[in-house]
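This structure is in structure tokens; I'll ask about it shortly.
The values are calculated or read from the model by the stated rules, or taken from the named source; none is laboratory data. Predicted model, so just to flag it, every value in this text is computed and none were measured. Please note: Cβ atoms are built from the backbone with ideal geometry, for glycine as well, and neighbour counts cover all protein chains shown. We work out accessible area using only protein heavy atoms, side chains counted, and drop any ligands, DNA or RNA first. Shrake-Rupley method; radii C 1.70, N 1.55, O 1.52, S 1.80 Å.
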Amino acid sequence: MIVPSAALLLTSLASLVAASPALSSRNNGKNTEVFAPSNYSVVDGFFIQSSPTFNATGYDALKDNFGLIDKSPNKWKNFAKAIKKLNDESDELTAYKVIYIARHGEGYHNYAQTFYGTPAWICKWSLLNGDGNMTWGPDATLTPNGIAQAQAVNAAWKIEAKADAPLPQVFYSSPMRRAASTLEITWRDILLQKKSYTPTIKEHYRESIGLHTCDQRSTKTVLSETYPGWNFDASFTEHDQLYNPTYQENGGAQSLRLQQQMNELFSSDDSTYVSITAHSGVINSFFTAVGHKRFSVQTGGVVPVVIKAVGHKSATNTPIVAGLSATAPACV
Ligand SMILES: *[C@@H]1O[C@H](CO)[C@@H](O)[C@H](O)[C@H]1NC(C)=O
Ligand SMILES: *[C@@H]1O[C@H](CO)[C@@H](O)[C@H](O)[C@H]1NC(C)=O
Ligand SMILES: *[C@@H]1O[C@H](CO)[C@@H](O)[C@H](O)[C@H]1NC(C)=O
């Protein structure tokens, strides 16, 4: 039996609800317009990662102002001014947002995948909760190395904040603990200590749904206890209703999910600067949804993306083909 992955996707559309009320403009003026866009594109020229010729091999954005191309003393002020100008001069069906998308630090599942090798990981170990030594499922947590990676992102943001980098106005997290903990460690003593910056956990920023136990989430109770005070999608259920032990959402279905999540973001949140902490698969699906070149983001990596969103009648996205769910490969 083959289950269309759209089933995994659409059962949970009801959970796409309005985000927490948008915060008033804290960063450099005008917020973005709110509407449901039908076309996304990436504005090239601000960040090195946005270039179609960007080579991610060996590149460390944390040591390079997150990839900002301008290296002048006023680089971040120039950037914020340019983004404000784009929004000020755009019509009511055009909006620009800067998304700081982050990958979680190393989790036990990442460690295990390297330890056992990818073929054995995807045909066997990813389907189990652990190996008697390490536990990675359900809901893998950060390794000590993963915690150190998140601390390094925290240190990098402190440096850029001193240089006037526009900080996020709103924080979104995958419901997986490795992502939420990475967000918490990255931002706790920069912005999260202020009540108005409470993050929101959103079901649809979770990693590829199904098969791998590391991608089965904890209950809402466990998450509320681990991240006290954090907000959830209004329809966030106690138990994980999307995880399926036999089928896994494929890349096309995931890209559609991220496209819908972007539609929700742009239609409900007028923040210009948005932080999202998620996963490698989610980040690549996000790249597809907004027309960014796909590349593999390392654990603990951060990629700033300037997105132009358009809602004109004539604007359309290139259709994304969802395809069918995948089952685990046989071990050879
Ligand atoms: C990307 O960079 C790496 C390391 O510098 C290099 O080995 C590789 O050839 C580059 N790839 C491309 C497509 O330029
Ligand atoms: C147990 O896991 C640790 C990492 O947490 C690893 O360093 C070690 O090699 C593992 N031992 C065995 C016997 O698999
Ligand atoms: C937005 O429209 C442009 C121009 O038609 C197209 O090149 C681009 O692929 C579209 N964006 C997406 C994400 O499909």
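Check 53, 114, 57, 118 and return the single one that is within 16 Å of ligand 1 (Cβ to nearest atom), hydroxyl-bearing (Ser, Thr, Tyr) and over 22 Å from the mean Cα position of the chain (by Cα).
53
Only one of 220, 158, 124, 194 is at pLDDT below 95 and among the basic types (Lys, Arg); which? Spell out the reasoning first.
Numbers: 220 fails: at pLDDT below 95; 158 fails: at pLDDT below 95; 124 fails: at pLDDT below 95.
Selected residue: 194, the only one of 220, 158, 124, 194 that is at pLDDT below 95 and among the basic types (Lys, Arg).
Looking only at the range 140-149, filter to residues that are in contact with an Asp or Glu (Cβ under 8 Å, 6 or more places away or on another chain) and not hydroxyl-bearing (Ser, Thr, Tyr); which one of those is most open to solvent (accessible area, probe 1.4 Å)?
Initially, the range 140-149 is screened for residues in contact with an Asp or Glu (Cβ under 8 Å, 6 or more places away or on another chain), giving 142-143, 145-146, 149.
Applying the additional criterion that residues be not hydroxyl-bearing (Ser, Thr, Tyr) yields 142, 145-146, 149.
Values: 142: 21, 145: 77, 146: 0, 149: 43 Å².
Within the range 140-149, the match that is most open to solvent (accessible area, probe 1.4 Å) is 145.
Residue 172 - would you say it is open to solvent by 10 Å² or more (accessible area, probe 1.4 Å), of a type in the set (Phe, Trp, Tyr) and closer than 23 Å to residue 225 by Cα?
Working: open to solvent by 10 Å² or more (accessible area, probe 1.4 Å): no; of a type in the set (Phe, Trp, Tyr): yes; closer than 23 Å to residue 225 by Cα: yes.
Taking the combined requirement at face value, the residue does not satisfy it.
Need pairs with beta-carbon distance below 6 Å; first residue closer than 9 Å to residue 285 by Cβ and within the range 255-269, second aromatic (Phe, Trp, Tyr); sequence gap 6+ or separate chains.
258/286
Could you list, in sequence order, all residues of the range 66-93 that are touching a Lys or Arg at 6+ places or on another chain (Cβ under 7 Å) and either buried (at least 16 other Cβ atoms within 10 Å of the Cβ) or among the basic types (Lys, Arg) (or both)?
Keep residues of the range 66-93 that are touching a Lys or Arg at 6+ places or on another chain (Cβ under 7 Å), which gives 68, 84, 87-88.
Scanning the range 66-93 gives 68, 84, 87.
Evaluate the following for residue 97: is it among the basic types (Lys, Arg) and without any contact (Cβ under 8 Å) to a residue 60 or more places away in the chain?
Working: among the basic types (Lys, Arg): yes; without any contact (Cβ under 8 Å) to a residue 60 or more places away in the chain: no.
It is false that residue 97 is among the basic types (Lys, Arg) and without any contact (Cβ under 8 Å) to a residue 60 or more places away in the chain.
Looking only at the range 99-111, decide whether some residue is within 16 Å of ligand 3 (Cβ to nearest atom) and modelled with pLDDT under 95. Don't jump to the end; show me each part of the working.
We begin by selecting, within the range 99-111, every residue within 16 Å of ligand 3 (Cβ to nearest atom); these are 99, 101.
Keeping just the survivors that are modelled with pLDDT under 95 gives none.
Among the residues of the range 99-111, not one is within 16 Å of ligand 3 (Cβ to nearest atom) and modelled with pLDDT under 95, which makes the answer no.
Can you find even one residue in the range 221-230 that is under 22 Å from residue 147 (Cβ atoms), touching a strand residue (DSSP E or B) at 6+ places or on another chain (Cβ under 8 Å), in contact (Cβ under 8 Å) with a residue 24 or more places away in the chain and β-branched (Val, Ile, Thr)?
Within the range 221-230, not a single residue is under 22 Å from residue 147 (Cβ atoms), touching a strand residue (DSSP E or B) at 6+ places or on another chain (Cβ under 8 Å), in contact (Cβ under 8 Å) with a residue 24 or more places away in the chain and β-branched (Val, Ile, Thr).
Something else about it: List the number of the failed condition for residue 128; all other conditions in (1) open to solvent by 60 Å² or more (accessible area, probe 1.4 Å); (2) closer than 19 Å to residue 231 by Cα hold.
(2)
Has the range 142-157 got any residue that is polar (S, T, N, Q) and within 15 Å of ligand 2 (Cβ to nearest atom)?
The answer is yes, given that some residue of the range 142-157 is polar (S, T, N, Q) and within 15 Å of ligand 2 (Cβ to nearest atom).
Out of 277, 316, 288, 299, which single residue is touching a Pro at 6+ places or on another chain (Cβ under 9 Å) and either under 30 Å from residue 119 (Cα atoms) or more than 16 Å from ligand 1 (Cβ to nearest atom) (or both)?
Values: 316 fails: touching a Pro at 6+ places or on another chain (Cβ under 9 Å); 288 fails: touching a Pro at 6+ places or on another chain (Cβ under 9 Å); 299 fails: touching a Pro at 6+ places or on another chain (Cβ under 9 Å).
So the residue among 277, 316, 288, 299 that is touching a Pro at 6+ places or on another chain (Cβ under 9 Å) and either under 30 Å from residue 119 (Cα atoms) or more than 16 Å from ligand 1 (Cβ to nearest atom) (or both) is 277.
OK, next. One residue is enough: does the range 244-267 have a residue meeting the conditions more than 16 Å from ligand 1 (Cβ to nearest atom), of a type in the set (Lys, Arg) and touching a His at 6+ places or on another chain (Cβ under 6 Å)? So that I can check it myself, show each step before the final result.
Looking only at the range 244-267, we keep the residues that are more than 16 Å from ligand 1 (Cβ to nearest atom), and these are 244-267.
Still in the list and also of a type in the set (Lys, Arg): 257.
When the remaining residues are screened for being touching a His at 6+ places or on another chain (Cβ under 6 Å), the result is 257.
Yes, the range 244-267 contains at least one residue that is more than 16 Å from ligand 1 (Cβ to nearest atom), of a type in the set (Lys, Arg) and touching a His at 6+ places or on another chain (Cβ under 6 Å).
Check whether at least one residue in the range 284-297 is crowded, with 19+ Cβ neighbours inside 10 Å and either touching a Phe, Trp or Tyr at 6+ places or on another chain (Cβ under 6 Å) or at pLDDT below 95 (or both), and report yes or no. Show your work before the answer.
First pass over the range 284-297, keeping only residues crowded, with 19+ Cβ neighbours inside 10 Å: 284-290, 292, 297.
Those still in the list that are either touching a Phe, Trp or Tyr at 6+ places or on another chain (Cβ under 6 Å) or at pLDDT below 95 (or both) too: 290.
Checked the range 284-297: at least one residue is crowded, with 19+ Cβ neighbours inside 10 Å and either touching a Phe, Trp or Tyr at 6+ places or on another chain (Cβ under 6 Å) or at pLDDT below 95 (or both).
Something else about it: Which ones in the range 185-200 are in a helix (DSSP H, G or I) and either under 12 Å from residue 230 (Cα atoms) or in contact with a Lys or Arg (Cβ under 8 Å, 6 or more places away or on another chain) (or both)?
Here is the first cut: in the range 185-200, the ones in a helix (DSSP H, G or I) are 185-192, 195-197.
Scanning the range 185-200 gives 190, 192, 195, 196, 197.
Counting just the residues of the range 215-260 that are acidic (Asp, Glu) and outside any helix (DSSP H, G or I), which one comes out surrounded by the most Cβ atoms within 10 Å (Cβ to Cβ)? It would help to see each step written out before you state the result.
Going through the range 215-260, the residues acidic (Asp, Glu) turn out to be 215, 225, 233, 238, 240, 249.
From the residues that got through so far, the ones that are outside any helix (DSSP H, G or I) too are 233, 238, 240, 249.
Numbers: 233: 21, 238: 10, 240: 19, 249: 29.
For the range 215-260, the residue satisfying everything is 249.
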